[in-house]
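Data first, discussion second: the structure below is written as structure tokens.
The values are calculated or read from the model by the stated rules, or taken from the named source; none is laboratory data. Computed from a predicted model, the values in this text were never measured in an experiment. Heads up, the Cβs are rebuilt from the backbone with ideal geometry, glycines too, and the neighbour counts pull from every protein chain shown.
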């Protein structure tokens with residue numbers, strides 16, 4: 001199941017650090033001939049990104065947008081299952 005398709009400069013996994021949550025439940029695959037996925041440690045992320053207050057503000061805004069997309073997909077999935085159930089009766 002594809003949850004997100006990322007573009008140039010986009011990041012993921014930052015929510016656990018920004019929100020001080022534990023765990024990173026991601027499996028990542030890059031299917032692009034031009035793209036790449038880089039992994040950095042939490043300490044490096046904190047040192048390079050979270051130490052910049054402007055970067056933190058942008059990350060929080062991006063997290064809110066991600067959450068809205070996730071909620072929309074969940075609601076759409078529930079609606080689709082209800083619709084399929086009702087049409088099969």
Segment 11-25, subset modelled with pLDDT of 70 or more and surrounded by fewer than 10 Cβ atoms within 10 Å (Cβ to Cβ), residue farthest from residue 77 (Cα to Cα): 20
Qualifying positions in segment 41-56 - surrounded by 10 or more Cβ atoms within 10 Å (Cβ to Cβ) and either at pLDDT 80 or above or over 22 Å from residue 11 (Cβ atoms) (or both): 44, 47
Matching residues, segment 57-69, being under 13 Å from the mean Cα position of the chain (by Cα) and surrounded by fewer than 11 Cβ atoms within 10 Å (Cβ to Cβ): 61, 64, 65, 68
